[in-house]
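**Student:** Quick one: the structure is below, questions incoming.
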Amino acid sequence: MEDLEFLLHTHTKVLPEAGSIDRSVLRLAEAMARKTKTYEHPEEFVRLPFDPSVYAETVGMVERLWSTQLKYVVVIGIGGSNLGAQAVYEAIRGRWGDIEDKHPLAMFFDTCEPRGLEEGAEFLATHLANMHEIVINIISKSGTTVESAVNADIILDRLIPLFPEIHMRVVVTTDVGSPLAALAHKEGFQMLPIPKPIGGRFSVFTPVGLFPLGLLGVDLEALRTGAQEVYESAIRKKDMHARRATEAIYQAYTKGVTIYDIFFFNPEFESLGKWSRQLFAESLGKEKDLEGRTVRAGILPIISIGSTDLHSMLQLYLAGPKNMFTTMVRTKNFTHTHGVASKFSALAGVKGSTPKEATEAIYRSVIGSYRAHDISVSELILPDLLPYAVGGYMAWFTIVVYFLAGLMHVNPFDQPNVEDYKKATKAALGTAAHA
């Protein structure tokens, strides 16, 4: 992606461990080169944006279920089953959604928070005129996710009495052979499979992300093309953007930095930040290394939003402990333009400034403040907020995380400690159900 630019405002040396990145590049190149229909290794996440069969199957389902009547796309999933689609949708549609009603409305149900769940179910029950106005996408890789199972029950139990044939508008996205896949077959739901070795947080370019986004009118070709170009550049052409970012973060880590702040200067990117946070935290936060040694590896990822958090967090960032590395993320070009501000802006001493000019001035001043306080900071500049750029960002960040896992000598694809809470939750709910 020619328009993606990574700038580094801190001194870094060539890493003694640089060979680890070379080995990571080689593994990903081998994974990208595989042409088999099935997926055998988790590194094959790099194949997904290129895979015509995954794309065709997903688009085929979109075309079967989409119509001009479609008003609501309900996504029931959590973590990697939800964050990717929500991140892309909100980045492209903006903070206020599609207020002109050109596309269906997305409704994301992740947690089991009773108020939001009940209000969402009631909204659908009272606003749906017929079942063709809705598609319900239940996503769970394992097919046994507690939150998704509870939410699906609540939504469907509310709608089935009103629309007895609603099962025709339900699509489950899960592993082949999972309990959810078996239920889909029994209930007459349609199904989209997730390639078996691909973990949830790496699955945005599978039907997990592509199917709901396709229904919502997102340009899937542009999204995939952005990812393809970054993967090609970073893996086959050995472009240095991802490598330099990896080296900078890792060197900060070896010097005692424990926090990685991803500071987005487009508020539309907040959910993209949550997707990034999960990918970074679950992939790198590990108790054991690849040899089974206790290392308690990891860097705490946090999200900041400009310029909101300049008025809530910047004092700490500049004056507090120097234990943080920051990447500022912004777009180069704005898709919306506005006239010159005049009346109220004069009170702030910026009369005659456009919102774009104000944002640019604030951003450059913040970069200058970080440098003046000798705080490590880098920049990632995207061309715009369109699907091509968002797909490129997601591919870029995935590469950086994978490279970091190689340097930290941890497995980026497992999350053994997350399973602890899942097992305890199921045990507690099972006990309560039989009490």
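Laboratory data are not the source of any read-out in this text; all were calculated from the coordinates shown. Quantities reported herein were computed from a predicted structural model and do not represent experimental measurements. For neighbour counting, all protein chains shown are included, and Cβ atoms are generated from backbone atoms with ideal geometry for every residue, glycine included.
**Student:** Provide the packing ranking of 390-399, 365-374, i.e. peptides ordered by the mean count of other C-beta atoms within 10 Å per residue, highest first.
**Tutor:** Ranked from most to least packed, the peptides come out as 390-399, 365-374.
**Student:** Full extension from THR425 to GLU30: what is 0.36 nm times the residue separation minus their Cα-Cα distance, to one decimal in nm?
**Tutor:** Full-extension gain reported as 138.3 nm.
**Student:** Starting with the highest mean, order 192-199, 305-312 by the number of other Cβ atoms within 10 Å, averaged over the residues of each peptide.
**Tutor:** 192-199, 305-312
**Student:** What list do you get for LEU213, LEU300 if you sort them by fewest beta carbons within 10 Å?
**Tutor:** LEU300, LEU213
**Student:** Measure out, as a whole number of angstrom, how far apart the alpha-carbon centroids of the stretch 130-193 and the stretch 287-331 sit.
**Tutor:** After rounding, the separation between the Cα centres reads 37 Å.
**Student:** A further question follows. Between ARG23 and ARG293, what is the label-to-label distance in nm when each label sits 7 Å out along the Cα-to-Cβ direction?
**Tutor:** Spacing of the two 7 Å Cα→Cβ label points: 1.3 nm.
**Student:** Express in nm, to one decimal, how much length is gained between GLU122 and SER67 on full extension, taking 0.36 nm for each residue of separation and deducting their alpha carbon distance.
**Tutor:** 17.5 nm
**Student:** Which of ILE78, ILE139, ILE154 ends up with the largest GNM mean-square fluctuation for the chain, with Cα atoms connected below 10 Å?
**Tutor:** In this elastic network of the chain, the residue with the biggest mean-square fluctuation among ILE78, ILE139, ILE154 is ILE154.
**Student:** In the stretch 131-227, with Lys and Arg counted as +1 and Asp and Glu as -1 at Cβ, which of these residues, LEU216, PRO195, ILE166, has the Cα nearest the positive end of the dipole, that is, farthest along it?
**Tutor:** PRO195
**Student:** When the helices in the chain are scored as -39500 (n - 2.57) per DSSP H run of 4 or longer and the sum is shared across all residues, what 222 nm value do you end up with, to the nearest 500 deg cm²/dmol?
**Tutor:** Computed ellipticity for the chain at 222 nm equals -14000 deg cm²/dmol.
**Student:** Quick one: dipole size for the stretch 35-218, taken about the Cα centre, charges +1 on Lys/Arg Cβ and -1 on Asp/Glu Cβ, in debye to the nearest 20.
**Tutor:** For the stretch 35-218, the charge dipole is close to 420 debye.
**Student:** Could I ask something else about it? Quick check: net charge around CYS112, other residues with Cβ under 13 Å of its Cβ, Lys/Arg +1 and Asp/Glu -1?
**Tutor:** With Lys, Arg at +1 and Asp, Glu at -1, the net is -4.
**Student:** Counting Lys and Arg as +1 and Asp and Glu as -1, what is the net charge of the other residues whose Cβ lies under 14 Å from the Cβ of PRO161?
**Tutor:** Its environment carries a net charge of -3.
**Student:** Mean Kyte-Doolittle hydropathy of 0.0 or higher plus an axial Cα length of 18 Å or more: which whole DSSP H helices in the chain meet both?
**Tutor:** The answer, listed by residue number, is 18-33, 52-65, 146-159, 387-408.
**Student:** Relative contact order of the chain: what whole-number percent is it, with Cα pairs under 8 angstrom and at least 6 residues apart?
**Tutor:** 23 percent.
**Student:** Also: So how many Å³ per residue does the convex hull of the Cα atoms of the stretch 233-290 work out to?
**Tutor:** Enclosed volume per residue, from the Cα hull, is 129 Å³.
**Student:** On average over all directions, what projected area in square nanometres does the chain have, based on the convex hull of its Cα atoms?
**Tutor:** Mean projected area for the chain: 23.6 nm², to one decimal.
**Student:** Where does the stretch 53-94 land on Rg/Rh, using Cα atoms and the Kirkwood Rh?
**Tutor:** 1.00
**Student:** Okay, moving on. Just want the ordering: LYS102, LYS141, LYS274, from fewest to most Cβ atoms lying within 10 Å of their own Cβ.
**Tutor:** LYS102, LYS274, LYS141
**Student:** Related question: Cut-off is 10 Å between beta-carbons; in what order do THR145, THR174, THR10 appear when sorted fewest neighbours first?
**Tutor:** By the 10 Å Cβ count, ascending: THR10, THR145, THR174.
**Student:** Further question: Magnitude of the Cβ-charge dipole of the chain, K/R +1 and D/E -1, about the Cα centre, nearest 20 debye?
**Tutor:** So the magnitude is around 860 debye.
**Student:** First select every other residue whose beta carbon is under 13 angstrom from the beta carbon of GLY430; then total the charges, Lys and Arg +1, Asp and Glu -1.
**Tutor:** Surrounding charge for GLY430 is +3.
**Student:** Decide, for the stretch 35-218, between rounded, prolate and oblate: order the square roots of the alpha carbon gyration tensor eigenvalues as a ≥ b ≥ c, take rounded if a/c falls under 1.5, and otherwise choose prolate if a/b is larger than b/c, else oblate.
**Tutor:** In terms of gyration-tensor shape, prolate.
**Student:** Of all DSSP beta bridges in the chain, what percent run antiparallel (nearest 5)?
**Tutor:** Looking only at bridges with both residues in the chain, the antiparallel portion is about 15 percent.
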